[in-house]
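For reference, the structure discussed in these notes is given below.
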Amino acid sequence: MKQPGLYFPFVHIRDEEWLKAAALYWPSVRRLVPAGYSTHDSPTAQAFFQAEILRDEDPQELLNVMEWDLAIALRSNAELLVRDYSLERAHADWNGRKWAESTGPDWEVPALGWIHGTKFPPDIRSFLSEAGLALHGRREMHWEDPGHPEDWIGLHPALAGAYMTALATRLSEQGHFEPLTDQADLRAATPNSDVGAALYMLVGQKAGQDHPPTQESAGVEEYVLLALQHVRPARLDSIPAEKIIQLRTDLAEELERFRDYVDAQRSELAGLATIPFPRRRIEAFAEQVERTVEVPLRALERGLLLHKLEPTRSLVLTEAFVPPAVAGDALQAAEASPTAVAVTGAVVAIGSAWWKVNQVRQAAKAQSPVGFLLDVRDQLTPKTVTAHVRKLLRGTYSHG
């Protein structure tokens, strides 16, 4: 069984198209939901939750058994963290003036990133508060953040993003998850971004040093989502969650083969994820997808085109061709014209030819590591029976 994804930094998933795409690959998508926390999921998220594709994990239970040397890293980088990510700095970054110059009680709401207290080990909560890096308790609550105001801890937004990134990474390492996020600025955390700089301090790296150790699963999310972009509809919002759920069942074997294909590239993808230049890193992933997905996908499509076209052409154009009796008799009984009988017979024959080559097509897709992607495109692309028959006839007769 492949590793499930671990969604961060929020409880409620912000991007439903991202969730649908993630559900096309990962066995399940877990999220950190404190015990007693009342969720307000969208219909899409509810459908995935009921199908046990979206699942909840209690962060307190995970933290209680997790080993994490975060306190050591925090203390060794305390001076730099306070300088760049204090509460005062968060306020100054928000409105362009120092905390002491602000008026009114509204400073902490827009300036800080809020994290539920159950996602911090007790000693870390104390350290952050004593260092002036955290504020305990909210004055205003958002509808997406239920519970008591005192349950929440506010940090500089970059520090909050870095903490959730570090937490998801460490939980993934020890719990055999793969960290996933629909927030691009967190997914691309690099030394030249605020989140990236804070992240290095949190995991024990001082500013200017090399990258911290890269998790084995790094780069998998970027690769998979790029690969899916080549076959899924431009907008997944028109595809109901139930269709994605059914597709996972129908293509279970093909999906497992594609996961094995991605697993074989893990070390290479992890290497690409360490590229410190965002633009070059994106290019490198695009090149990897082109080499390992686009090229074999085009080859598979060409092979399947020959498999479905040639037997159909041969069957329809053979001199021994006779329209199936059932279709011909039915139309003749309805006093249809000979032309109608012939055309209908040809359509039925085409359908018969497709069934005859279906086994060959399935075998070809099974041998290709990207057969799953082709099936995803075929099943998620809207089409009508009329258009399908028209395409068959055009493909059969357009080249005499």
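The values are calculated or read from the model by the stated rules, or taken from the named source; none is laboratory data. Keep in mind it's a predicted model, so treat the numbers as computed, not measured. All Cβ positions, glycine included, derive from the backbone under ideal geometry; neighbour counts span all protein chains shown.
When you check Arg259 against the structure, is it among the charged types (D, E, K, R), touching a Lys or Arg at 6+ places or on another chain (Cβ under 9 Å) and not in a helix (DSSP H, G or I), yes or no?
Numbers: among the charged types (D, E, K, R): yes; touching a Lys or Arg at 6+ places or on another chain (Cβ under 9 Å): yes; not in a helix (DSSP H, G or I): no.
When the stated conditions are applied, Arg259 does not pass them.
Consider His40 carefully, then state whether it is surrounded by fewer than 18 Cβ atoms within 10 Å (Cβ to Cβ), part of a loop (DSSP other than H, G, I, E, B) and either touching a helix residue (DSSP H, G or I) at 6+ places or on another chain (Cβ under 8 Å) or not assigned by TED's automatic domain parsing to the domain that holds Lys119 (or both).
Values: surrounded by fewer than 18 Cβ atoms within 10 Å (Cβ to Cβ): yes; part of a loop (DSSP other than H, G, I, E, B): yes; either touching a helix residue (DSSP H, G or I) at 6+ places or on another chain (Cβ under 8 Å) or not assigned by TED's automatic domain parsing to the domain that holds Lys119 (or both): no.
Taking the combined requirement at face value, the residue does not satisfy it.
Looking at the stretch 11-35, which of its residues are touching a residue at least 40 places away in the same chain (Cβ under 8 Å) and among the hydroxyl-bearing types (Ser, Thr, Tyr)? Can you show your working first?
Initially, the stretch 11-35 is screened for residues touching a residue at least 40 places away in the same chain (Cβ under 8 Å), giving 11-26, 29-30, 32, 34-35.
Listed by number, the list holds a single entry, Tyr25.
Spot the failing condition for Ser217; the list is (1) modelled with pLDDT under 80; (2) out of contact with any strand residue (DSSP E or B) (no Cβ under 6 Å at 6 or more places or on another chain), and only one is missed.
Ser217 satisfies all of (1) modelled with pLDDT under 80; (2) out of contact with any strand residue (DSSP E or B) (no Cβ under 6 Å at 6 or more places or on another chain) except (2).
Evaluate the stretch 68-90: report whether one residue or more is modelled with pLDDT of 90 or more, in a helix (DSSP H, G or I) and among the small types (Gly, Ala, Ser).
The answer is no, given that none of the residues of the stretch 68-90 is modelled with pLDDT of 90 or more, in a helix (DSSP H, G or I) and among the small types (Gly, Ala, Ser).
State yes or no: is Lys98 within 18 Å of the chain's Cα centre (by Cα) and modelled with pLDDT under 90?
Details: within 18 Å of the chain's Cα centre (by Cα): no; modelled with pLDDT under 90: yes.
No: the conditions fail for Lys98.
Has the stretch 27-37 got any residue that is aliphatic (A, V, I, L, M), over 15 Å from the mean Cα position of the chain (by Cα), more than 23 Å from Ala166 (Cα to Cα) and modelled with pLDDT of 95 or more? Give the derivation first.
Here is the first cut: in the stretch 27-37, the residues aliphatic (A, V, I, L, M) are 29, 32-33, 35.
Subset that is over 15 Å from the mean Cα position of the chain (by Cα): 32-33, 35.
Remaining after also requiring more than 23 Å from Ala166 (Cα to Cα): none.
Taking every residue of the stretch 27-37 in turn, none turns out to be aliphatic (A, V, I, L, M), over 15 Å from the mean Cα position of the chain (by Cα), more than 23 Å from Ala166 (Cα to Cα) and modelled with pLDDT of 95 or more.
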